[in-house]
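Sending over a structure as structure tokens; questions will come in a sec.
The values are calculated or read from the model by the stated rules, or taken from the named source; none is laboratory data. Predicted model only: the values in this text are computed from it and were never measured. FYI the Cβ positions are ideal-geometry reconstructions off the backbone, even for glycines, and counts take in every protein chain you see. Remember, those area values only see protein heavy atoms, side chains included, never the ligands or the DNA or RNA. Shrake-Rupley method; radii C 1.70, N 1.55, O 1.52, S 1.80 Å.
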Amino acid sequence: MSPLHLLFVVILSINLLMGITSNTFIVAAITIQWAGSRHRPPTSDRLLLLLGLTNAFMQGSVSSEHLFRLLQTEVYNRESVWKTFLILSPSFYFSSFWINAWICVFYCTKIINFSHPLCLRLKMVISAMLPWLALVSVLASLAVNILGIWILGGLLRDNFTTTNTTSNGTGNIINLSYKLFMSIAGCFLPQIVIAITALLILTSLYRHIRHMQQNSTGLNGGPSMEAHTRAAKTILSLVILYACFTVAIILALKDDNWFTESAIFYSYVFIGVSYPSLNSLILIFGNPKLKEKAKNFLCSTLAFYKFNEHRR
């Protein structure tokens, strides 16, 4: 194994640990809160729980795929193995993108004041709709991905019947062509939804600031101003993360060094595999309750570590 491969394996392992830990924290924090309450869990918690589960499985799937490809090449080149990863990884990615989009829609409908009757009615029913929309998005992502692989795999298999191409060659072609197509198609619509919600919240924030300035109330707008600012920061962070991920994945799949695996190629891949952990951290810091629980957890962990060190 080359030094570059070894470095990437180490970084990939660290990133896997961070992604699993941060997303497991989201799932555990929300589950514990639900267990101690008799009330129906709010929509935001249900969306975050589904996102945490999806991101955790995504982190495991994507990281395992690259580790297999580097450390167990012969195993990875088996048709059953690379097809499994080809189904799982994009499905988790697209599911996560759509859940993030619905979370942004939820923030948008809760913060922005609508005057149109249709918008007011939508705002009333959106809390009940969004968890189901998120669940349908997850199932639809899996179904579309399986259908796309089945169609593309059949077409490529027909093209290779007259040749002596191995499964390794067919697998590489399917991986490259299919992932490139699905990365563009699967990222486009959720990114538009997130961008629109970001634009609406920024517009609402601008109007809110202007209203306070005209009424000589300054920029301390209380809870409303704080909610606007927090939602704007969270959604803009998601837009930036989303754009970086999309560009990195497309460049990686189009890179001529896909098979030689250069340092530039690994930098693209690293951005892609970092998405689940960065996504969870953005949502943790953008949610006051999760942020506070994360601080308490870190303080408790540090105190426990210092106590054990003192006993030694």
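State which residue pairs qualify: first residue at pLDDT 85 or above and inside region 283-312, second residue open to solvent by 100 Å² or more (accessible area, probe 1.4 Å) in any location, beta carbons under 6 Å apart, and separation of 6 or more residues or different chains.
Close Cβ pairs satisfying both conditions: Lys291/Phe285.
Any residue in region 10-28 that's without any contact (Cβ under 8 Å) to a residue 24 or more places away in the chain: show its pairings with residues that are open to solvent by less than 10 Å² (accessible area, probe 1.4 Å) and not hydroxyl-bearing (Ser, Thr, Tyr) at Cβ separation under 9 Å, as long as the two are six or more apart or on different chains.
Ala28/Gly52
For the condition in contact with a Phe, Trp or Tyr (Cβ under 9 Å, 6 or more places away or on another chain) and under 25 Å from Leu205 (Cβ atoms), what is the one hit in Ser96, Ser44, Ser61?
Ser44
May I pose another question? Where the second residue is of a type in the set (Asp, Glu) and the first is crowded, with 18+ Cβ neighbours inside 10 Å and lies in region 58-77, which pairs have Cβ atoms under 8 Å and are six or more apart or on separate chains?
Every condition considered, the pairs that remain are Tyr76/Glu65.
Which residues, counting only those in region 121-134, are touching a residue at least 12 places away in the same chain (Cβ under 8 Å) and open to solvent by less than 70 Å² (accessible area, probe 1.4 Å)?
Selection gives Lys123, Ile126, Ser127, Ala128, Leu130, Pro131, Leu133, Ala134.
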